[in-house]
Amino acid sequence: MIANQILLMGSPNVGKSVVFSRLTGVNVISSNYPGTTIDFTKGTVRIGGRKFDLIDVPGTYSLEPTSKAEEVASKMLQTGDIIINVVDATNLERNLYLALEILEKKKRTIISLNMWDETKHKGIDIDVGKLEELLGVPIVPTCAISGEGISDLASMIEKAKISERIRPMSEEERWKKIGEIIGKVQAVRHRHHTIWERLSDASVNPITGIPLAIIVVILMFQVIVTLGNLIIEYVMDPIFYNYYGPFIMNAVNSFAPSGLLHDILIGTATELNFVESFGLLTTGLYVPLDMVLPFVILFYLMLSLMEDVGYLPRLAVLVDTGLHRLGLHGSAIVPTILGLGCNVPGALATRVLETKKQRFIAATLMAIAVPCMAQSAMIFGVLGKFGIKWIIIVYGVLFLLYICIGLVLKRIVGGESPELLLEVPPYRMPLPSALLKKTGMRVRGFLAEAVPFVLLGVFIVNILYISGAIQFLSDLFAPILTTLLGLPEGAIAALIMGFLRKDIAIGMLLPLGMTAEQLTIASVILCTYFPCIATFVVLLRELGLKDMLKATGLMVVVSLTVGMLMRVILI
Amino acid sequence: MIMSDKGDLVPLTTLIPGEMGRVAVLGHGRGRQLRFRTMGLIEGRMIRVVATQPMRGPIVVDAGGTQVAIGRRMATQILVERMG
C-alpha cells in the first residue's frame, strides 16, 4: 500500500518536532535551540484508518537555498502530497514568509498555528477566520507542548487544500503582502515586560549574564556530583553488594567453580570485587550501571532542563567572543556540552555549525579535550580519593588543550569561519513530562551504546590476557609507556580498552597500584589519544576519511606530547 | 519607503544597550538580507539593542519580540536610524 506523504515544515524553533512526536507518537529530541533537527525524521500517522508517512523536514526560514537545511527542505517539498506548515503564532509576521512561499508551490497545505496559548500572555490577538480566508487554506490553532489542538489538526489533515488566494510573487511583493495580512488579522495590546523577559535580557547582558552563567554551570555540576554520589551510596551500591554480588558469585560458582568460564564471567579472585575482578558479570555490569549510570541520568536531566528552558542560546551568545578566537562561534557550545554527556551526539551536533572548517575544528576539539560523562564519572571515582587537586589538573589540562589546539587550528585549517547569527528564543517553562521523556530517551541511548561495548571490551581484554597478547604488547610498548610517559607497562591494557570504552579503561588503571601523578597522566592520555570506537565511526561519517585521518594524527601527537610534558612537570 | 533623510543613518553597532533604532539598510547579499528579514530585522521596523558583548563580541537585538544575536562585523553592515 502506498501511503500518502505528509511533510511537516516550518521555521526553526516553532515547535515542529513536538508537533511531529504528538502526531506520530514517535519520540524525537526537540530543544529550544534553533536548528536542532538537521536530519529529517520519518514516522507514520493514522487518520481514519488510513496510514500516512509523516516527514519532519529540517527547520528553515525560507525556501531559497541559502543554507544546507534550506536546500534539503525545498527539494523535499516537491515530494510531498500534503504540507503541514507549523507557524509560531507569537511571531506570525516573520513566519508568514515561509508560509507564503509554501502556498505559492500549489501543494495541498494546512497550517498549524502553534504556541497559540502564548499569544494570550503576549497580548497578541489573531483573527484565525480572517487569516484562513486571506491565505485560502485551513488553519488549526495548536499548542503542541500540552497537546491542545493536535487531534483537531490530525482530523483536519485530509481537508488540506491548494490555496486559490496566493499566487507566485517576488520577495518584495511577499513582504508587502505580509504587511497587509498582518494589518488585517493581528492586533497587539501593550503590556509590561514579564519576569521571564527581564531574566532573558539579564542573561545576555555580560555584566549580569556571565556571573549567572558561572552560577548555572556550578549548580549543574553540584547537583550531578552530589546527587549522583547519594544515589550510588544509598541505592546502587546496596543493590550490587548486598543482593546482586552474593547471588552472582554463588550462581557462577555452582556451575563453574573454576576455569576459563569462571574467570571470564566473574574474574579470578575468590572474593567479590566489582571494580578489579574484571569479569563480564561483575566489573562489566558494575562500572556502567553503578559507577556511571547515576551521573549520566543526572547529567541528561540537567542538560534537558537547560535546553527546554532555552538557556543554551544565551550561553552561546556569552561564549561567542571566546570561541571566535578558536575559529568557531557561539553555537559550538552545543556540540561541546552534548559531548560532555556522550561524544557521539556531540559529534552529530557539530552540524549546527555552517562551514566545513568550523565542523572540523569543533569535532577535533571535542574528540581530544571533552571527556564524556562516563569517563568523567570514572576519573572522579579513581582520582577522587587522592584529592580534588588531581581532578582539577586533569580538567585544567584538557581545557588548556581545547584553547591551544583551537588557536592553532583556526590558523592552519583552510576555509571560512563565519560569525554568529542566532535567534535567541524566549525562555519557556519546561513541561516535566516532556523533560522526563527526553531524559529517558537519552539514558536509553547511553545504555544501548555503553553496556554492549563494555561487555565486548571486557570479553576481548580477558581473551587478550589469557592468550598472552597483553604481555606481548606490554613488552613491545614498555619503552614508550615507562620511559616517555612514566606509566607502568600494564597500562597498555587500559589503552587498548580505551579504543572501545573510556569508562572501563580508566577503571582498569586501578589494579595497577599507580600513584596519583601517574593516574592523572594516564587519565589525560586516555581522554586525548583516540575517541572511543562509537565516536570514531560517527566522526568518520561526518568528517570523511581524509579529515578524520588528520584529526586522528593530531590526537596521537597531542596525547604523547602532553603526556611527556606532564611527566616532566609532575613526576 | 519610510526613510527620507538618509544622512542620519548609523551602523547598528553604534547603538548602546537600551537604545532603539529603525532598520534602514541591510547591507548584505540577498540571501543574508532575507535571513535577517525572516528573523524580524525588516526595513522600517523598530529594533532595540538588548546587550553587546565585550571585545567585539556579538550584539543582541530585540526585533518585534524576537531576540537575535548578530556577529559584530555582520552588524556593522546594518544601518539604522537612531531613535534614542
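The values are calculated or read from the model by the stated rules, or taken from the named source; none is laboratory data. Here the structure is a predicted model, which is why all the values come from computation and not from measurement. No Cβ is skipped: glycine too gets one built from the backbone with ideal geometry, and neighbour counts run over all protein chains shown.
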Review point. Name the residues in the range A:250-272 that are surrounded by 16 or more Cβ atoms within 10 Å (Cβ to Cβ), within 18 Å of A:PHE459 (Cα to Cα) and aliphatic (A, V, I, L, M), would you?
Key: A:VAL252, A:ILE264, A:LEU265, A:ILE266
Exercise for review: Assess whether A:MET514 counts as being modelled with pLDDT under 90 and among the hydrophobic types (A, V, I, L, M, F, W, C).
Suggested key: no
Review point. Over 30 Å from the mean Cα position of the chain (by Cα) and at positive phi: does that describe A:LYS106?
Key: yes
Practice item. Select the strands (runs of 3 or more DSSP E) contained entirely in the range B:26-84, then report the ones holding at least 2 residues which are more than 9 Å from chain A (Cβ to nearest Cβ), touching a helix residue (DSSP H, G or I) at 6+ places or on another chain (Cβ under 6 Å) and touching a residue at least 60 places away in the same chain (Cβ under 8 Å). Key: B:78-82
**Study point:** Segments classed as helices (runs of 4 or more DSSP H), wholly inside the range A:213-295, with at least 1 members that are of a type in the set (Gly, Ala, Ser)
**Key:** A:245-255, A:283-286
Review point. Within the range A:410-462, which residues are in a loop (DSSP other than H, G, I, E, B) and farther than 30 Å from A:LEU199 by Cα?
Key: A:VAL413, A:GLY414, A:GLY415, A:GLU416, A:SER417
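Every residue, every condition in (1) more than 29 Å from B:ALA75 (Cβ to Cβ); (2) crowded, with 19+ Cβ neighbours inside 10 Å, yes or no:
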site	(1), (2)
A:LYS410	no, no
A:LEU421	no, yes
A:VAL424	no, yes
A:ARG428	no, no
A:ALA434	yes, no
A:LYS437	yes, no
A:MET441	yes, no
A:LEU447	yes, no
Point to revise | Residue selected from the range A:192-221 under the condition more than 16 Å from B:THR66 (Cα to Cα) and in contact (Cβ under 8 Å) with a residue 24 or more places away in the chain, by the criterion nearest to the other protein chains (Cβ to nearest Cβ) | key: A:PRO206
Revision key, fill the gap. Reported set for the range A:518-571 where residues are buried (at least 22 other Cβ atoms within 10 Å of the Cβ) and in contact with a Pro (Cβ under 8 Å, 6 or more places away or on another chain) is A:CYS527, A:LEU539
Check your understanding: Which residues, taken from the range A:421-430, are farther than 22 Å from A:ILE224 by Cβ and more than 13 Å from chain B (Cβ to nearest Cβ)?
Key -> A:ARG428, A:MET429
Exercise for review: Take A:ILE231 and decide whether it is among the β-branched types (Val, Ile, Thr), surrounded by fewer than 18 Cβ atoms within 10 Å (Cβ to Cβ), within 30 Å of A:LEU456 (Cα to Cα) and touching a residue at least 40 places away in the same chain (Cβ under 8 Å).
Suggested key: yes
Revision key, fill the gap. (1) crowded, with 19+ Cβ neighbours inside 10 Å; (2) assigned to a helix (DSSP H, G or I); (3) not hydroxyl-bearing (Ser, Thr, Tyr) all hold for A:LYS389 apart from (1)
Check your understanding: Can you name the helices (runs of 4 or more DSSP H) wholly within the range A:77-156 that have at least 1 residues being touching a residue at least 12 places away in the same chain (Cβ under 8 Å), in contact with a Gly (Cβ under 9 Å, 6 or more places away or on another chain) and surrounded by fewer than 20 Cβ atoms within 10 Å (Cβ to Cβ)?
Key -> A:150-156
Check your understanding: out of contact with any strand residue (DSSP E or B) (no Cβ under 9 Å at 6 or more places or on another chain), aliphatic (A, V, I, L, M) and either more than 24 Å from A:GLN186 (Cα to Cα) or more than 8 Å from chain A (Cβ to nearest Cβ) (or both) - does that describe any residue in the range B:6-20?
Key -> no
Review point. Of a type outside the set (D, E, K, R), more than 14 Å from chain B (Cβ to nearest Cβ), more than 20 Å from A:ASP127 (Cβ to Cβ) and touching a residue at least 12 places away in the same chain (Cβ under 8 Å), is that true of A:ILE224?
Key: yes
Check your understanding: Within the bounds of the range A:168-177, is there any residue that is surrounded by 15 or more Cβ atoms within 10 Å (Cβ to Cβ), under 30 Å from A:GLY48 (Cβ atoms) and within 38 Å of the chain's Cα centre (by Cα)?
Key -> no
Revision key, fill the gap. Within the range B:1-16, restricting to residues that are part of a strand (DSSP E or B) and out of contact with any helix residue (DSSP H, G or I) (no Cβ under 9 Å at 6 or more places or on another chain), the one that is modelled with the highest pLDDT is B:VAL10
Review point. Out of A:LEU383, A:LEU400, which single residue is more than 14 Å from chain B (Cβ to nearest Cβ), assigned to a helix (DSSP H, G or I) and either over 29 Å from A:LEU293 (Cβ atoms) or under 23 Å from the mean Cα position of the chain (by Cα) (or both)?
Key: A:LEU400
Study note, to complete from the structure: Filter the range A:72-95 for residues that are touching a Ser or Thr at 6+ places or on another chain (Cβ under 9 Å) and more than 30 Å from A:ALA187 (Cα to Cα); the one that is modelled with the highest pLDDT is A:ILE82
